[in-house]
Amino acid sequence: MDNGRVTIRDVAARAGVSIATVSNVFSGNKPVNADLRERVLKAAEELAYQVDRAASQLRSGQARVVGVLVPDLDDVFFTSLVSQLEVLAQKDGYDILVASSRDDLGLEQSRLRTLLAWRPSGLIAVPCSDAVPDALRNEIGRLPIVFADRVPPEGSLVDTVAIDNREAGEIAARHLLAKGHRDLFVAASSLAISPIRERVRGACELIRRTLDREPTVIELGSNADRGAATFLHWLERHPQPSAVIALTNVTTLSTLSALARMRIDIPDPVSVVGFDDYPWMSARKTGLTAIRQPIAEIAEAAWSRLRARMAGDAGPPTHCVLQASLQTRDSVSDLAAGAEHGDSHDPPPASERPAASLKAVH
């Protein structure tokens, strides 16, 4: 060993294989027999061998690093996405560099410049806004880029992966309407983000067609505590709704927090449909009905497109749209069943109720 440092030669000797085999195991350049791979990894672990990525990239002339940019690492959806991407990248011999823009356009530019300074092989980004970040405009066509989750509904100049957000909002509204709910409240994060606008659009259009009335829509932001305070302020000044549709996991937390502070029980008198599906939602005393985004599938589709681009795919941009699903639990009361037995909970028409004090979507 050189000055006590474990080298690839030491790992090869310990595993009883060639240096080339060890190199292929860690670089992913060529497939390696499963038994040989296991021997190499075991030897590396026993010797506490660390791959020198910088040296490997200099020798090969190819970076084995991919950048990942998300808006907020405090948001469980984005941390789950990063975790999935990390596993996929590792399987293909790549490391990932993760940065958070904190939903700030200026910080997004700074974080992107830092990621690009590493000269990554590719980039998966969840932008702050509907626009292509300025720092990436000159990279399109040169650097493999995939936009995930927050993508404009009309498409993009790069590959995109997202769910059908309009359908997701419609699924939530349809479930509540089928259960007999008529006074619906929609908790959005920010209407400046196209996926949120599409979720609101899907929910509100169905409600209008079915009830011929406007649902109340307010923006609670991307901070759970501030969102809870905003919703609490609204609840203190208006008749409580029959049900709430929360369009992100953060607005779901805001909704639950505000209702808890008002000592309003779920599902009676207020039902809730949340967004995303995490273990805590079913671990509650009253399990939460929620719209499930297929996070693993989103990550796999984004990584698959990026991997193809890094391998030389020069075709036109592709736009992958995945479907959300409804996870039904106990947070929605069945008012329709009660109405069949003469127990009507239908609220007064909108004309007889106070107008909402916060921004509504029409």
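For the reader, a short list of remarks on this structure follows.
- Breaking point among (1) out of contact with any helix residue (DSSP H, G or I) (no Cβ under 7 Å at 6 or more places or on another chain); (2) more than 22 Å from Ala299 (Cβ to Cβ), for Arg111: (2)
- Those residues of the range 216-250 which are more than 17 Å from Ser190 (Cα to Cα) and not in a helix (DSSP H, G or I), in sequence order: Glu236, Arg237, His238, Pro239, Gln240, Pro241, Ser242, Ala243
- Restricting attention to the range 230-247 and to residues that are of a type in the set (Val, Ile, Thr) and in contact with a helix residue (DSSP H, G or I) (Cβ under 7 Å, 6 or more places away or on another chain), the residue that is nearest to Pro269 (Cα to Cα) turns out to be Val244.
- Scanning the range 112-144 for residues that are charged (D, E, K, R) and closer than 13 Å to Ser156 by Cα turns up Asp130, Arg137.
- Long-range neighbours under 7 Å by Cβ, at least six apart or interchain, first residue at positive phi within the range 310-337, second at pLDDT 95 or above: none
- Qualifying strands (runs of 3 or more DSSP E) (wholly inside the range 111-168; at least 1 residues being over 13 Å from Cys320 (Cα atoms), of a type in the set (Val, Ile, Thr) and modelled with pLDDT of 90 or more): 122-125, 145-148
- In the range 286-303, the residues that are of a type in the set (Ser, Thr, Tyr) form Cβ pairs under 7 Å with partners that are loosely packed, with under 15 Cβ neighbours inside 10 Å, at six or more places apart or across chains, as follows: Thr289/Thr328.
- Boolean, Glu340 is among the acidic types (Asp, Glu) and either at pLDDT 80 or above or closer than 30 Å to Leu143 by Cα (or both): no
- Members of the range 24-39 found to be modelled with pLDDT under 90 and either touching a helix residue (DSSP H, G or I) at 6+ places or on another chain (Cβ under 7 Å) or within 13 Å of Gly93 (Cα to Cα) (or both), listed by number: Asn24, Val25, Phe26, Ser27, Gly28, Asn29, Lys30, Pro31, Val32, Leu36, Arg37
- Among the candidates Ala168, Ala192, the residue that is buried (at least 23 other Cβ atoms within 10 Å of the Cβ), farther than 15 Å from Val70 by Cα and either without any contact (Cβ under 8 Å) to a residue 60 or more places away in the chain or under 19 Å from the mean Cα position of the chain (by Cα) (or both) is uniquely Ala168.
- Residues in the range 297-319 that are surrounded by 13 or more Cβ atoms within 10 Å (Cβ to Cβ) and hydrophobic (A, V, I, L, M, F, W, C): Ile298, Ala299, Ala301, Ala302, Trp303, Leu306, Ala308, Met310.
- Here the range 78-95 is the region considered, the condition is being of a type outside the set (S, T, N, Q) and at pLDDT 95 or above, and the residue that is farthest from Ser156 (Cα to Cα) is Val87.
- Taken over the range 220-255, the residue count meeting the criterion of being surrounded by 21 or more Cβ atoms within 10 Å (Cβ to Cβ) and either over 20 Å from the mean Cα position of the chain (by Cα) or of a type in the set (D, E, K, R) (or both) is 6.
- Residue within the range 283-300 that is modelled with pLDDT under 95, farther than 27 Å from Glu86 by Cβ and of a type outside the set (Val, Ile, Thr) present: yes
The values are calculated or read from the model by the stated rules, or taken from the named source; none is laboratory data. Please read these numbers as outputs of a predicted model, since none were measured by experiment. Glycine gets a Cβ as well: all are built from the backbone with ideal geometry, and neighbour counts include every protein chain shown.
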